[in-house]
Amino acid sequence: MHAIPSYTLRLGDKLHVLDAPLVMGIVNVTPDSFYADSRTPAVEAAVARIQQIMDEGGTIVDVGACSTRPGSVHASEEEEWQRLQPVLEALRHRWPDMIVSVDTYRPEIARRSVCDYGVQMINDVGGGEEEMLQMVARLRVAYVLMSQQPTMTDMMQVLAKKVNRLHSLGATDVVIDPGFGFGKDVSQCYGVLSRLDELHALGHPLLVALSRKTMFWKPLHTTPAQTLAATVTAHTMALMQGAHILRAHDVKEAMDCVAVVEQLRRAQQNDK
């Protein structure tokens, strides 16, 4: 098992020490997310989902209003904002200090989320286009840089260039996401998972978004709803390679996974 590298990450006006893994709970304010049970397009349903994430121990809430599942028709920018804005409004009214991430690849959505609602993190599934890199650097906000490359070798090369570009723009609070399910087939996803610890060479915290992905339900000949056990198994593998943040639909189970792996890590340290 790899020791978890310790980093600091500024989220809003607070500095967080990532010396133990965190769980990010998913809030899908879309009508067409790949996992049907996670869809909460109504504001009341989204608020109830956020409360559930908090009750189950999640630290970060990740709100997305534009599905990026394979084969989906992406909502327009204005439609994405019309879905997102009332949820952010209700969220900030009820929980003004909550750590909120917005899942978007659109720079203007990022800007409005940060400037209007104090969102502390942008989770970009777009692979780090130049306009977005410039935007998050101007906003001085934590940024999840996701890879769309199929192999670890290609991923490391592209991510290193993107990280260097972010640094040149003045961005420092960068989180790396290997992008399971984006630009990768099932076999390639497992290849990346088996070498996840290599991403620590980039010098930034590591987020994994494995929850109920195609890489589980396709080879198991099942559905996203039936892949909780597979997700927990993969979360364990990621944590044992030093992942810092688990992005999950099932927050309680992810928290339990973190607790067990941390117990094992402490036991190994005590035996030295």
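Just a few scattered comments:
- Of all residues in the stretch 187-236, those satisfying the criterion of being among the aliphatic types (A, V, I, L, M) and over 30 Å from H167 (Cα atoms) are M215, L220, A225, L228, A229, A230, V232, A234.
- Yes/no for G203 being under 16 Å from I245 (Cα atoms), of a type outside the set (A, V, I, L, M, F, W, C), touching a strand residue (DSSP E or B) at 6+ places or on another chain (Cβ under 9 Å) and surrounded by fewer than 17 Cβ atoms within 10 Å (Cβ to Cβ): yes
- Any hit, the stretch 117-129, residues being of a type in the set (A, V, I, L, M), at pLDDT below 95 and either under 26 Å from A46 (Cα atoms) or assigned to a strand (DSSP E or B) (or both): yes
- Summed over the stretch 228-244, the residues that are outside any helix (DSSP H, G or I) and either of a type in the set (A, V, I, L, M) or buried (at least 24 other Cβ atoms within 10 Å of the Cβ) (or both) give a count of 2.
- Residues of the stretch 168-193 classified as surrounded by fewer than 20 Cβ atoms within 10 Å (Cβ to Cβ), in contact (Cβ under 8 Å) with a residue 24 or more places away in the chain and outside any loop (DSSP other than H, G, I, E, B), total: 6
- Failed condition for S101, given (1) among the small types (G, A, S); (2) within 20 Å of the chain's Cα centre (by Cα); (3) over 20 Å from H16 (Cβ atoms): (3)
- Qualifying residue in the stretch 105-126 (condition: among the acidic types (D, E) and within 27 Å of S6 (Cβ to Cβ)): yes
- Subset of the stretch 195-251 (residues that are within 15 Å of the chain's Cα centre (by Cα) and of a type in the set (K, R)): R212, K213, R247
- Residue match in the stretch 146-157 (condition: among the small types (G, A, S) and either within 13 Å of the chain's Cα centre (by Cα) or open to solvent by less than 10 Å² (accessible area, probe 1.4 Å) (or both)): yes
- Breaking point among (1) touching a residue at least 60 places away in the same chain (Cβ under 8 Å); (2) over 17 Å from L9 (Cβ atoms); (3) open to solvent by less than 30 Å² (accessible area, probe 1.4 Å), for A225: (3)
The values are calculated or read from the model by the stated rules, or taken from the named source; none is laboratory data. The shown structure was predicted, so the numbers you read here are calculated from the model rather than taken from an experiment. Cβ: placed from backbone, ideal geometry, glycine included. Neighbour counts: every protein chain shown. When the accessible area is computed, the model is the full protein with side chains, heavy atoms only, and any ligands, DNA or RNA have been set aside. Shrake-Rupley method; radii C 1.70, N 1.55, O 1.52, S 1.80 Å.
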